[in-house]
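The values are calculated or read from the model by the stated rules, or taken from the named source; none is laboratory data. What you see is a predicted model; the values in this text were computed from it and never measured. Here Cβ is always computed from backbone atoms with ideal geometry, including for glycine, and neighbour counts include all displayed protein chains. When the accessible area is computed, the model is the full protein with side chains, heavy atoms only, and any ligands, DNA or RNA have been set aside. Shrake-Rupley method; radii C 1.70, N 1.55, O 1.52, S 1.80 Å.
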Amino acid sequence: MDKKEVTVLAIESSCDETAAAVVVNGRQVLSNIISSQIDIHKLYGGVVPEIASRKHIEKINQVIEEALGESGRTLDDMDAVCVTYGPGLVGALLVGVGTAKALSYAAELPLVGVHHIEGHIAANYIANPDLEPPFLCLVASGGHSHLVIVKDYGEYEILGRTRDDAAGEAFDKVARAIGLGYPGGPKIDKLSAEGNPEAIEFPRASIEGAPYDFSFSGVKSAVLNYMNGCRMKGIRYSEADIAASFQKAVVDVLVSHTMLAAQDHGIAKIAIAGGVACNSGLRSEMKSACEQQGYSFYMPTPLLCTDNAAMIGAAGYYEYQKGVRHGLDLNAVPNLRLGERGI
Ligand code: KG4
Ligand code: ZN
């Protein structure tokens, strides 16, 4: 094997996917195994933390074995074990962290703790081998909505954040209100295709003095008010029109804030990341806005947008190269921060 190759085993368990991957040099994915718990959590309308931890414990060894098996490599071929240690659900994170520590100790491999959002951003390195910092990244997931300048590998400046709900959270809450179930994002995305995005004018919030910050609780309330208003007046409403108009309102805000930040900071490379980056409306609107401005646009494949371990292997590789090593005292940090203003 080429000595310059760095191969890592990566583990992700911060929410409701148990995932393991083998990644070479941060960009080449040899395996990416994801065991999703969605079918269990959807019975409850959202992630139940205690159930998530238990399911991670049941699945993690099998998922790691599969990841190694599919990669054609053994634990002895690894150069490091990378693991998400925050932010996320503490009990869920602890399963991954504990397992990574055990493997690192048993196989005498360096341990590299990885920030979950850093992983989401790094998914772009896998999908786009030519992408290098600096670039601007919109991170929109179930727990986060941030505009981040990726100054260098592992170096971030956070320009904007959500003041209330994350974008994915708004999708999930509106989906529940329409009766679509959990997780809402993919369901709203699908239903939107049958609706008219111009049918209902939902608000596009901007915050005075903080042009890159987001607020999605207003649009969520506007959807609920619209539905209540229709019910009270005995008017039938179209779920598809609500979905399409809501999605358009959220996408408009995500795209316009990103474009403004890019212009203000003179950045001509834009990437998107996180579960909401699967959204077909966001992918196409951001792409055409970038084309109009002459910016380069990057996005991971949908599988790499939602939680997975390959993205942790990509981010972990750059941490490893910088010399980051964690001890066996590594702990789960549910509110782990990233960058100067912190995510
Ligand atoms: O990144 P992720 O898998 O987990 C977190 O770190 O939070 O993101 C999950 C979120 C959920 O809120 C889900 O509804 C949303 O991403 N999502 C979508 C789509 N696919 C997933 N939102 C909008 N459109 C989609 N197609
Ligand atoms: Zn995530």
Note to self: Below 14 angstrom from the Cβ of residue 101, what's the summed charge of the other residues (Lys, Arg +1; Asp, Glu -1)?
What the structure shows: -1
Check: Among the chymotrypsin sites (Phe, Trp or Tyr not before Pro) within segment 223-267, which fall in a DSSP loop and have no more than 16 other Cβ atoms within 10 Å of their own Cβ?
Finding: 237
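About the Cα centre of segment 221-343, what is the dipole size in debye to 20, counting +1 per Lys and Arg Cβ and -1 per Asp and Glu Cβ, all else neutral? Don't jump to the answer; show the numbers that get you there.
Details: 11 positive and 10 negative charges, 38 e Å.
So the magnitude is around 180 debye.
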Checklist line | Selection from 142, 112, 243 lying farthest towards where the dipole of segment 107-261 points positive, charges on Cβ | finding: 243
Checklist line | Unsatisfied cross-links (Cα-Cα over 29 Å) in the set 4/151; 151/287; 220/269; 248/269 | finding: 220/269
Next item on the list: Post the alpha-carbon centroid distance, segment 116-191 to segment 320-338, in whole angstrom.
Entry: 22
Check: In segment 274-331, which chymotrypsin sites (Phe, Trp or Tyr not before Pro) fall in coil by DSSP and have 11 or fewer other Cβ atoms within 10 Å?
Finding: none
Checklist line | segment 1-82 - accessible surface per residue (Å², probe 1.4 Å) | finding: 46
Check: Within the chain, what percent of beta bridges assigned by DSSP are antiparallel, to the nearest 5?
Finding: 60
Notebook entry, point to check: What is the dipole size for the chain, taken about its Cα centre, with +1 at each Lys and Arg Cβ and -1 at each Asp and Glu Cβ, in debye to the nearest 20?
Noted result: 740
Check: What's the long-distance tail for segment 242-343, i.e. % of Cα pairs beyond 24 Å?
Finding: 39
Notebook entry, point to check: Share of segment 171-297's accessible area from carbon and sulfur, percent, 1.4 Å?
Noted result: 50
Checklist line | 0 to 90° range, to nearest 10: angle between helix 239-265 axis and the chain longest Cα axis | finding: 60
Notebook entry, point to check: From the residues 226, 174, 214, which one has its Cα farthest along the dipole of segment 81-233 in the positive direction, the dipole being from +1 and -1 charges on Cβ of Lys/Arg and Asp/Glu about the Cα centre?
Noted result: 226
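Counting other Cβ atoms within 10 Å, which GluC sites (Glu not before Pro) in segment 165-208 have at most 10 and lie in a DSSP loop?
In loop regions of segment 165-208 (DSSP not H, G, I, E or B), the sparsely surrounded GluC sites (Glu not before Pro) are 198, 208.
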Margin query: Tell me the mean residue ellipticity at 222 nm calculated for the chain from its helices only (DSSP H runs of n ≥ 4, each -39500 (n - 2.57), averaged over every residue, nearest 500).
Written below: -14000 deg cm²/dmol
Checklist line | Restraint check, 101/173; 173/233; 101/322, Cα-Cα greater than 30 Å | finding: 101/173
Next item on the list: Quick one: angle between helix 116-127 and the longest Cα principal axis of the chain, in degrees between 0 and 90, rounded to 10, please.
Entry: 90
Notebook entry, point to check: Can you give the % of DSSP beta bridges in segment 114-172 that are antiparallel, to the nearest 5?
Noted result: 100
Checklist line | Calculated Rg and Dmax of the chain using C-alpha coordinates, Å | finding: 20.2, 71
